[in-house]
Amino acid sequence: MPLPAGVASHPALAFTTTALAEIMTACFEGYVVPQAINAEMFNARFRRETLDLRASRVFMEGERPVALVLVARRGWTARIAAMGIVPSQRAQGFGRAALGEVIDDLRGLGDRRLRLEVIDTNEPAIRLYRSLGFESRRRLIGYRRPADVGTPSAVADLIEVDPLSIARRAAEEGAADLPWFVAPETLAAAAAPARGLSLEGKAFAIVEPAPQPASLALRTLFVNRDARGRGCGRAMISALAAAHPGQDLLISANFPEELAPGFMLSMGFERTPISRFEMDLAA
């Protein structure tokens, strides 16, 4: 399907970070989860996701931005990192035309697999993606561990380590085929204010301030292969809670539903309301 008359696409590379943040905010107005961001937030979010501004597209109707498709790329795999359309252009077939153009461009670049995540209650978006050939692979969920869960314990000796070293360990010994946001390649881009923490050189975590007040985002938790089954993961969660009193521990909705649900619940984590489908398209 061609773009509507009067609409042209441009590489996101032609726009400043400030302009892209403003365009993204406008395109996600009234969305299930609105994205009101500024240039600093845009950079912090997408720097670590391997955003490709050449492959990303901004769709303009004259001088007015009407849609945005942000693309991240690694090797032969690309990911739709964000896709938004201004309210006046929704439900008119515009999304299919815009995303179809991006898919064709990625195929031309040599990418062989395309991935995205979509909130599982966003039926119009799910129908669009399926009509273009995307298939659901798994459900991704989030967790919250309230600050008042359990009995406070003594603060353990958490040692600060380079987050990059944790990402390397996860690549060598961690679970395979993790979602994009929690994959070792993404974790390798973690930098301050994110912090890498170690407990006795056996358990490791990467944490950073969360957008929500009184909350700490837990990006990853990893235990050395030879130390698993000895309570090291539990000890790390307890140590994080003790070291950050009054703060909830948050895991974003990028965590595979089938990965360690018993452990999460036993440690006082509750599932958060929003979950997503991870979808794939073989290019």
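The values are calculated or read from the model by the stated rules, or taken from the named source; none is laboratory data. Quantities reported herein were computed from a predicted structural model and do not represent experimental measurements. Positions of Cβ are generated from backbone atoms using ideal geometry, with glycine treated the same way; all protein chains shown enter the neighbour counts. Please note that ligands, DNA and RNA were not included when accessible areas were found on the heavy atoms of the full protein model with its side chains. Shrake-Rupley method; radii C 1.70, N 1.55, O 1.52, S 1.80 Å.
The charge dipole of the stretch 1-82, taken about the Cα centre with unit charges on the Cβ atoms of Lys, Arg (+1) and Asp, Glu (-1), comes to about 440 debye, rounded to the nearest 20. Taking each residue as 0.36 nm, the span from GLU185 to ASP226 lengthens on full extension beyond its C-alpha to C-alpha distance by 12.5 nm. Amide H contacts of GLN35: PHE28, each under 5 Å away and 5 or more positions distant or on a separate chain (H built 1.01 Å from N in the peptide plane; Pro and chain starts excluded). Would you mind telling me the share, in percent, of accessible area of the stretch 198-279 contributed by carbon and sulfur at probe 1.4 angstrom? The C+S portion of the solvent-accessible surface of the stretch 198-279 is 57 percent. Considering only ALA282, SER88, ALA192, and ranking their Cα positions along the charge dipole of the chain that arises from unit charges at the beta-carbon of Lys, Arg, Asp and Glu, the one farthest toward the positive end is ALA282.
Entry for the stretch 183-243 at q = 0.13, 0.14, 0.23 Å⁻¹: log10 I(q)/I(0) = -0.35, -0.41, -0.99, Debye formula applied to identical alpha-carbon scatterers, no solvent contribution.
Element breakdown for the stretch 1-102 at a 1.4 angstrom probe: carbon and sulfur atoms account for 57% of the accessible area.
If you average the alpha carbon positions of the stretch 220-283 and of the stretch 33-62, how far apart do those two centres end up, in angstrom? Computed from Cα coordinates, the inter-centre distance equals 27 Å. For the chain, a crude dipole built from +1 on the beta carbon of Lys and Arg and -1 on the beta carbon of Asp and Glu, taken about the Cα centre, is about 440 debye to the nearest 20. Across all Cα pairs in the stretch 62-120, the calculated P(r) in 5 Å bins from zero up to the longest distance comes to 4, 17, 26, 25, 16, 9, 4, 0 percent per bin.
If R0 is 30 Å, the Cβ-Cβ spacing of ALA44 and ALA282 corresponds to a FRET efficiency of close to 0.40. Overall, the stretch 166-262 carries a charge dipole of about 340 debye about its Cα centre when +1 sits on the Cβ of Lys and Arg and -1 on the Cβ of Asp and Glu, all other atoms neutral. Neighbours of VAL32 by Cβ distance under 14 Å: Lys/Arg scored +1, Asp/Glu scored -1, total -2. Sorting 102-109, 164-171 by their mean Cβ neighbour count within 10 Å, with the most densely packed peptide first, gives 164-171, 102-109. Here is the tail figure for the stretch 17-96: Cα pairs spaced more than 15 Å apart come to 56 percent of all pairs.
On a C-alpha basis, how far is the centre of the stretch 1-25 from the centre of the stretch 103-126 in Å? Whole number, if you could? Rounded to whole Å, the Cα centres lie 18 Å apart.
Between the stretch 161-204 and the stretch 85-99, how many Å separate their Cα centres? Computed from Cα coordinates, the inter-centre distance equals 37 Å. Projecting the Cα positions of VAL223, LEU128, LEU178 onto the charge dipole of the stretch 120-256 (unit charges on Cβ atoms of Lys, Arg, Asp and Glu, taken about the Cα centre) puts LEU128 furthest along the positive direction.
Under a 5 Å amide H cut-off, with hydrogens placed 1.01 Å from N, ARG138 pairs with GLU278 among residues at least 5 apart or on other chains. Computed over the alpha-carbon atoms, the stretch 177-283 gives an Rg to Rh ratio of 0.95, Rh here being the Kirkwood radius from the mean inverse distance.
Computed with a 1.4 Å probe over protein heavy atoms only, the accessible area of LEU158 comes to about 40 Å².
Working from Cα pairs under 8 Å separated by at least six residues, relative contact order for the chain is 21 percent.
Using a probe of 1.4 angstrom and keeping all protein chains present, the accessible surface of the chain works out to 48 square angstrom per residue.
With R₀ fixed at 22 Å, the C-beta to C-beta distance from GLU160 to ALA214 puts the FRET efficiency at about 0.50.
Converting phi to 3J(HN,Hα) with the Karplus coefficients 6.51, -1.76 and 1.60 and the offset θ = phi - 60°, the stretch 52-68 yields 10, 6, 6, 7, 6, 10, 10, 9, 10, 10, x, 9, 9, x, 10, 7, 9 Hz in sequence order, with x at every glycine or proline.
Accessible area per residue (1.4 Å probe, heavy atoms of protein chains only) ranks GLU63, GLU278 as GLU63, GLU278, with the largest value leading.
Less than 5 angstrom separates the built amide H of ARG219 from those of ILE206, VAL207, GLU208, all sequence-distant by 5 or more or on a different chain. Diffusion of the chain by Stokes-Einstein, at 4 °C in a medium of 1.567 mPa s and with Rh set to the Kirkwood radius over alpha-carbon pairs, works out to 64 µm²/s.
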